[in-house]
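Let me give you the structure first, and then I'll get to my questions.
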Amino acid sequence: MDAVILNSPWLEFQFAPARAAIAPMVELQARIRPLEAAPQVDLGFYSRAQQEVADPDDPMEVNPLWRPVQTMAVYAGWLHAILSGHKTVAAGLSISAPVCVLLSARFVPPTRWSDDITSADSVLVVDDIARAALRLGPSVTVERIDGALHDVFLSRHEAREDAYRRLERWVTGWRATW
């Protein structure tokens, strides 16, 4: 592997301090009823933000099977695997290849609709993700993109262009050392 590029990776639970507290309950639920779905509270703000920033002159195709308007069901077994992965990341992964992590510059909680949701990550707490990213390996670059949504490459045109410029600079810099 020559390099790793991650677009808003889910490296830490949204409420990081709660991960250790809820993990045993999730593990028990995963053993007893792994296919039981947790109740979802998704008001559709992230999907709405994608629609609001869409540029008809520069369309981004979104597969509705992969990104439904409302979040997909969260099953106990799946959530257990996610929390286990978060714990593993927190312990450190030692990825030897250079890693570039692209993130929004800020997080906005999706508790009510506001225009702020069209220029921030409303899915992940980006400061927690940035801290967790540093545990991926010895060479990690965290690029914080101003105005980016959760999926940096589905953001407003200007934020996407900034992300592409930064990614090109990062790849060019590493290519020079190969």
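The values are calculated or read from the model by the stated rules, or taken from the named source; none is laboratory data. Nothing here was measured: the structure is a model prediction, and the numbers come from that model. FYI the Cβ positions are ideal-geometry reconstructions off the backbone, even for glycines, and counts take in every protein chain you see.
I'd like to check which helices (runs of 4 or more DSSP H) are fully inside region 62-178 and have at least 2 residues that are without any contact (Cβ under 8 Å) to a residue 12 or more places away in the chain.
Details: elements: 76-91, 126-133, 157-175.
Because the criterion is at least 2 residues that are without any contact (Cβ under 8 Å) to a residue 12 or more places away in the chain, the helices (runs of 4 or more DSSP H) in region 62-178 that meet it are 76-91, 157-175.
In addition: Could you run through region 19-45 and say how many residues are in contact (Cβ under 8 Å) with a residue 40 or more places away in the chain, aliphatic (A, V, I, L, M), under 14 Å from G77 (Cα atoms) and not in a helix (DSSP H, G or I)?
Looking only at that region, the number is 2.
Residue check: is Q14 part of a helix (DSSP H, G or I), of a type outside the set (D, E, K, R) and surrounded by 12 or more Cβ atoms within 10 Å (Cβ to Cβ)?
Numbers: part of a helix (DSSP H, G or I): no; of a type outside the set (D, E, K, R): yes; surrounded by 12 or more Cβ atoms within 10 Å (Cβ to Cβ): yes.
So Q14 does not fit the description; no.
Right, next: Taking region 46-56 on its own, how many of its residues are surrounded by fewer than 14 Cβ atoms within 10 Å (Cβ to Cβ), free of Cβ contacts under 8 Å to residues at least 24 places away in the same chain and assigned to a loop (DSSP other than H, G, I, E, B)?
So the count comes out to 1.
I would also like to ask the following. Of all residues in region 145-178, which are more than 15 Å from A49 (Cβ to Cβ) and surrounded by 17 or more Cβ atoms within 10 Å (Cβ to Cβ)?
Listed by number, the residues that qualify are D162, A163, R166, L167, W170.
Continuing with the same structure: If D42 meets every condition in (1) charged (D, E, K, R); (2) under 27 Å from F153 (Cβ atoms); (3) modelled with pLDDT of 90 or more; (4) surrounded by 12 or more Cβ atoms within 10 Å (Cβ to Cβ) apart from one, which number is that one?
Condition not satisfied by D42: (3).
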